[in-house]
Amino acid sequence: MAGHASILSDDSTLSRIDRTFFKIESALALIGGLAVFSLMVLAVISVGGRNFFNQPLPGYVDWIEQLMPLIALIAVAYCQRLGGHIRMDILIGRLHGRPLWAAEFISTLLMLIVMILLVWGSWAHFDRSFDFNAPLWSRDSSLDIRLPLWPAKLLAPIAFAILCVRLTLHAWGYGRAFIRGDEEPVAVPLIEDAAAVAAAEAESVSGMDDDDMPPSESSRFGGRHG
């Protein structure tokens, strides 16, 4: 399941790299959000053109094809950093300490291997579409207005490569926590329990800290857990 996660930080090299790389991931997530917004704008233009001028936006489906990889993939590393991806933690949620970090390290390493293979495969798929000697550098194009497809295909290896960097940082964090026996490692998503999630959601909605909440409310949500 997808859960709420907290990420701790300190002055270590790993934490500094994590915070710096998160700025890049956040910028890419913003680009993905702008792509979603642009898709809505295109829909409004297409529908408005059809209703008022009997002329929908030419190549509307082609533009959707170009934007979908940007929307679906560009923020995948951002989501991984926040621990927002779907995961089954029925068993791993019962672990603590070194067994937990060992399990997280192994699963992260397996994901990293899969993503490296996907980078290789998606790059080969892009390479088959790209050609410097072809018009618009493209060997294939969309069906309606003949947009080159290689920009959309290039997004996949780029997004997967960024995710590989994030998974490497997570593997570093979990591996270091296992070796040192840390209780709360930095630069990795620490999945919070249901009480902590409820407290965080109540705080975000009410705008109050635990100290500002009435005693009955504070006890009901069980306080904030890091």
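The values are calculated or read from the model by the stated rules, or taken from the named source; none is laboratory data. The model shown is predicted, which means the values in this text are computed figures rather than measured ones. For neighbour counting, all protein chains shown are included, and Cβ atoms are generated from backbone atoms with ideal geometry for every residue, glycine included. For accessibility, only protein heavy atoms count, side chains too; no ligands or nucleic acids. Shrake-Rupley method; radii C 1.70, N 1.55, O 1.52, S 1.80 Å.
Table for the structure above
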item	result
Kirkwood hydrodynamic radius over Cα pairs of the stretch 1-114, then Stokes diffusion coefficient at 37 °C and 0.692 mPa s, in µm²/s	188
Cα convex hull volume per residue for the stretch 136-192 (Å³)	111
The stretch 75-195: C-alpha pair distances exceeding 22 Å, %	48
Kirkwood hydrodynamic radius over Cα pairs of the stretch 49-112, then Stokes diffusion coefficient at 10 °C and 1.306 mPa s, in µm²/s	101
For the stretch 14-54, the spread of Cα positions along each principal axis, largest first, Å	57, 6, 6
Convex hull of Cα atoms in the stretch 97-162, direction-averaged projection (nm²)	5.5
Top positive-direction residue, dipole computed over the stretch 1-95 with Cβ charges, set F22, I86, F53	I86
Amide H partners (placed H, <5 Å) of S138, local residues excluded	D131
Fraction of accessible area attributable to carbon and sulfur, the stretch 1-112 (%, probe 1.4 Å)	73
Net dipole in debye of the stretch 64-170 [+1 Lys, Arg Cβ; -1 Asp, Glu Cβ; about Cα centre; nearest 20]	340
